[in-house]
1. Given a 10 angstrom Cα cut-off, can you work out which residue in Pro215, Pro241, Pro148 is the most mobile in a GNM of the chain?
2. When ligands, DNA and RNA are left out and all protein chains stay put, how many square angstrom of accessible area per residue does segment 206-293 have with a 1.4 Å probe?
3. Rounded, prolate or oblate: which fits segment 180-239, taking a ≥ b ≥ c as square roots of the Cα gyration tensor eigenvalues, rounded meaning a/c under 1.5, else prolate when a/b beats b/c?
4. Report the gain in length on full extension from Tyr301 to Asp77: 0.36 nm times residue separation, minus Cα-Cα distance, nm rounded to one decimal.
5. Would you mind getting the accessible area per residue of segment 44-89, heavy atoms of the protein chains only, 1.4 Å probe, in Å²?
6. Set Lys and Arg Cβ to +1 and Asp and Glu Cβ to -1, take the dipole of the chain about its Cα centre, and tell me which of Leu72, Ile102, Phe167 lies farthest positive.
7. 5 Å is the cut-off here: which amide hydrogens, built 1.01 Å from N in the peptide plane, fall below it relative to Glu179, excluding neighbours closer than 5 in sequence?
8. Can you check what the net charge comes to around Ile261, using other residues whose Cβ is under 12 Å from the Cβ of Ile261 (Lys, Arg +1; Asp, Glu -1)?
Amino acid sequence: MEKEHKQIIVTGAQPTGMFHLGNYLGAVKNWQRLQYDYECFFFIPNLHSMTCPPYVPAELRKTTYSLLAQYLACGLDPKVSHLFAQSEVIGHTELAWVLGCILPVGQLFRMTQFKAKSQDKDFVGSGLLYYPILMAADILLYNADCVPVGEDQKQHVELTRDLAQRFNQTFSETFVLPEPYIMKTCARVHSLQDPTKKMSKSDANKNGTILLFEPVDAIYKKIKSAVTDSGSGIFCSPEKPGITNLIEILAGITDRRVEDIEDLYKGYNYGDFKRCVAEAVIEHLKPMQKRYEELIKDQSYLRAILDEGKAFAQERANRMMSKVYRKVGMLQYG
Ligand code: TYM
């Protein structure tokens, strides 16, 4: 099959609810484009979603299907890419164990995401500390060449490269060193209410985050009430984080360059510019929302896609794990 000769991409988004515009513009929109040039493993890292308890198990099951429906609505194509749930392919956690044994624990305590997510928490599970190793296993299990992510995940991909190198040096050449693939525009989409912070599902101020599948009038209102900066003019500048964020959003959603947006909207005031951004975002999202509504009703179709993806991924995972277990001195795999 032609797919076999392409470079490999592995990436995924956590099933913790609805995608926001940051997930879409920083990641999923590009995955859609890349799937025709690479062999892509787009999986659902549902085991990662256990790392910030408390969570509701029945909800996690639902959001796993929802995430798949969102992948499909965003244009990921099961005929072209492999779509599956992490927990359903044996090998992710096994490889994570092996990798954990060659990484000094201090490196995990220094990870930015661990520090941020464990701050001011009464309970910090070991899973949160171990999170980057499971992510490295996700990537190395399929020998990815390339990992398209938003900027916030770059450090995790760097740790993956480090782990691949350590393994290769300790046990002999096995893993490709994967490259992070980060877009120039929209690598970090910011909150509409505090443009110095990244847009995030967990933001307490819900007006700062645009969810892809929320009602379009809510989207319109959120963009219209986005915090802008003092002064005027539609151009990017470190002194204008609010307008810079909106320019990047418009560039990302319409596939144009930031410079072209600055040129095109030069004479606009903030209010009119925000209206144009809102209209462009809504026009882009509307057909996707319609598609999501259809898909989410058809769980047996979603299940069938996961089954197919799982079968394909499992074969690849078995091949890699047999090799890894042999190299690290286990008797046999499985
Ligand atoms: P997650 O679920 O937090 O995010 C999914 C993708 O969206 C990107 N992203 C953003 N991009 C731009 N601006 C933002 N405000 C923004 N917020 C999120 C993320 O960078 C990511 O690309 N650990 C991963 C999931 C994972 C994974 C993997 C990814 C598990 N194993 C293996 C790649 C390869 C995560 O929690 O992403």
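1. Of Pro215, Pro241, Pro148, the most mobile in the Gaussian network model is Pro215.
2. Solvent-accessible surface per residue comes out at 49 Å².
3. oblate
4. Details: separation 224, 0.36 × 224 = 80.64 nm, distance 1.33 nm.
Between Tyr301 and Asp77, full extension yields 79.3 nm more.
5. Result: 38 Å² of accessible area for each residue.
6. Positive-most Cα among the choices belongs to Ile102.
7. Under 5 Å from the amide H of Glu179 lie the amide H atoms of Cys146, Val147, each far enough along the sequence or on another chain.
8. -3
The values are calculated or read from the model by the stated rules, or taken from the named source; none is laboratory data. Remember, predicted model here, so these are calculated numbers, not experimental data. Counting neighbours? That spans all protein chains shown, and the Cβs are built from the backbone with ideal geometry, glycine included. In case anyone asks, the SASA skips ligands and DNA or RNA and just uses the protein heavy atoms, side chains included. Shrake-Rupley method; radii C 1.70, N 1.55, O 1.52, S 1.80 Å.
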